[in-house]
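Just so it is clear, none of the values below were taken in a lab; they were calculated from the coordinates. A quick note: this is a predicted structure, and the numbers were derived from the prediction, not measured. FYI the Cβ positions are ideal-geometry reconstructions off the backbone, even for glycines, and counts take in every protein chain you see.
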Amino acid sequence: MQIEKVGVVGCGLMGSGIAEIAAKSGLAVRVREVDEGALEAGKKRIRKSMDRAVDKEKLTAEDRDAAWERLSFTTKVADLADCDLVIEAIVEELKAKNTLFEELDGLCGEGTIFASNTSSLTITDMAAATSRPERFVGLHFFNPVPVMKLVEVVRTIATSDETFDRAFAFSKALGKTPIAAKDNSGFVVNLLLVPYMLDAIRQLERGVASVADIDTGMMLGCGYPMGPFTLCDFVGIDTLYKISEIMYEEYREERYAPPPLLKRIVSLGRYGRKTGKGFYDWSGDDPVPMPI
């Protein structure tokens with residue numbers, strides 16, 4: 001069965017990006033948010049991204065308009081009942097995700113595939129809340145979704161071959177490069193990336209070097225496009241903290257434990273670029289390291 005109609009739950013940074021690329025790929029997309037305010041913000045985010053692509057001549061105005069027509073928006077979970085695939089991109093909390101999937105399970109047809117865009121929770125813990133664990137996968141996209149090519153397609157011990165193959169083919173149809181990942185917290189990328197960022201914070205705590213010098217060292221010494229503290233600010237320091245807590249709970253390994261400095265920065269509301277301050281102050285033309 002070919003996936004033709006996609007439901008996306010959540011229209012924040014990730015959900016809006018997923019909805020956008022699915023619509024641009026020729027699929028009918030229905031986006032659900034909790035209220036009209038969140039829905040309107042999501043619409044504006046998608047439209048702004050599409051308009052930017054037109055301005056950069058990566059998308060024609062005609063293709064943008066056609067993609068926009070394929071999008072529909074709702075605040076009702078029941079409106080996703082006829083989708084071939086439903087992708088969840090809501091808050092990174094297992095209880096909230098399971099409540100959603102339990103509701104969807106009672107609404108959607110037997111053939112509907114459920115997928116989560118979680119970056120740190122295990123897919124099995126969500127699949128177990130439904131009557132269709134064999135039709136449940138992880139589809140972990142990366143931010144910004146319209147630009148980043150990778151999708152981690154995650155199978156559990158219960159995921160059927162047919163479901164996995166359809167999810168893998170769907171990712172390719174979006175123009176992405178999918179990789180197969182086992183259902184463990186962090187999958188492939190975050191399993192390796194999160195300890196790197198946390199260790200950079202630990203070395204800062206120990207006085208090894210400054211924020212700017214550690215970033216410069218990793219960029220010029222390793223050829224990375226950005227240093228670990230700039231990356232933290234892009235990911236979101238609150239997001240990193242939550243992910244590290246989830247992964248530490250899963251593995252009980254010190255390298256996944258959030259350092260005290262990370263917790264203090266979160267307590268101050270310095271979440272990175274989205275709040276204007278994190279390890280850097282982003283209010284000016286160039287980022288300036290914050291006092292630590």
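Expressed as a rounded percentage, what relative contact order does the chain have, with Cα pairs under 8 Å and six or more residues apart? Could you put the intermediate results ahead of the total?
On the way: 503 pairs, mean separation 37.5, N = 292.
Value for the chain: 13 percent.
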Rounded tilt (10° steps) of 36-55 against the dominant C-alpha axis of the chain: 80 degrees
Distance (nanometres) between label positions extended 7 Å along Cα→Cβ at Ala81 and Asp65: 3.5 nm
Placed amide H near Val8: partners under 5 Å, 5+ positions off or other chain: Arg30, Val31, Arg32, Ile87
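What does the net charge come to around Arg270 if you take all other residues with beta carbon closer than 12 Å to its beta carbon, with K and R at +1 and D and E at -1? Could the numbers behind the result be given before it?
Working: positive: Lys263, Arg264, Arg273, Lys274, Lys277; negative: Asp233, Asp238, Asp281.
Counting the neighbours of Arg270, the net charge comes to +2.
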Integer Hz, Karplus 6.51/-1.76/1.60 couplings in order for the stretch 10-25, x for Gly and Pro: x, 10, x, 4, 7, x, 5, x, 5, 4, 4, 5, 5, 5, 5, 8
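For a Förster distance of 45 Å, can you work out the FRET efficiency between the beta-carbons of Glu205 and Asp125, rounded to the nearest 0.05?
Working: r = 32 Å, r/R0 = 0.71.
Rounded to the nearest 0.05, the efficiency is 0.90.
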Semi-axis lengths, Å, the stretch 190-278, gyration tensor of Cα atoms, sqrt of 5 times eigenvalues: 19, 16, 12
Thr216, Thr112 arranged by Cβ crowding within 10 Å, fewest neighbours leading: Thr216, Thr112
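Where does each of Met290, Met50 land when they are ranked from fewest to most other beta-carbon atoms within 10 angstrom? Could the numbers behind the result be given before it?
Details: Met290 17, Met50 23.
Fewest to most other Cβ atoms nearby, the residues stand as Met290, Met50.
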Taking all pairs of distinct alpha-carbon atoms in the stretch 47-112, Kirkwood radius in angstrom: 14.3 Å
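Given contacts defined as C-alpha pairs under 8 Å and at least six residues apart, what's the relative contact order of the stretch 251-292, whole-number percent? All intermediate terms of the calculation are to be shown ahead of the outcome.
Details: 30 pairs, mean separation 8.2, N = 42.
20 percent.
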Highest-MSF residue in the chain out of Ala23, Ala127, Ala212 [GNM, Cα springs under 10 Å]: Ala212
Hypothetical label at Ala38: residues of the stretch 69-83 whose amide nitrogen lies under 19 Å (7 Å Cα-Cβ projection): 72-81
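Using the eigenvalues of the Cα gyration tensor, what equivalent ellipsoid semi-axes result for the chain when each is taken as the square root of five times the eigenvalue, whole Å, largest first?
Equivalent ellipsoid of the chain: 33, 23, 17 Å, largest first.
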Degrees between helix 161-173 axis and first principal axis of the chain (Cα, 0 to 90, nearest 10): 70 degrees
In Hz, Karplus ³J(HN,Hα) per residue of the stretch 112-119 (6.51, -1.76, 1.60; θ = phi - 60°; x = Gly, Pro): 5, 8, 9, 9, 10, 8, 3, 9
Relative contact order of the stretch 190-278, pairs being alpha-carbon contacts under 8 Å that are 6 or more residues apart, as %: 31 percent
Degrees between helix 189-205 axis and first principal axis of the chain (Cα, 0 to 90, nearest 10): 20 degrees
Residue of Asp281, Asp51, Asp213 that the Gaussian network model of the chain assigns the largest fluctuation, springs spanning Cα pairs under 10 Å: Asp213
Contour excess over end-to-end distance, with Cα ends at Arg255 and Thr275 and 0.36 nm allotted per residue: 4.5 nm
5 Å binning of all Cα-Cα separations within the stretch 17-85, expressed as whole percents from 0 upward: 3, 18, 27, 25, 16, 8, 3, 0
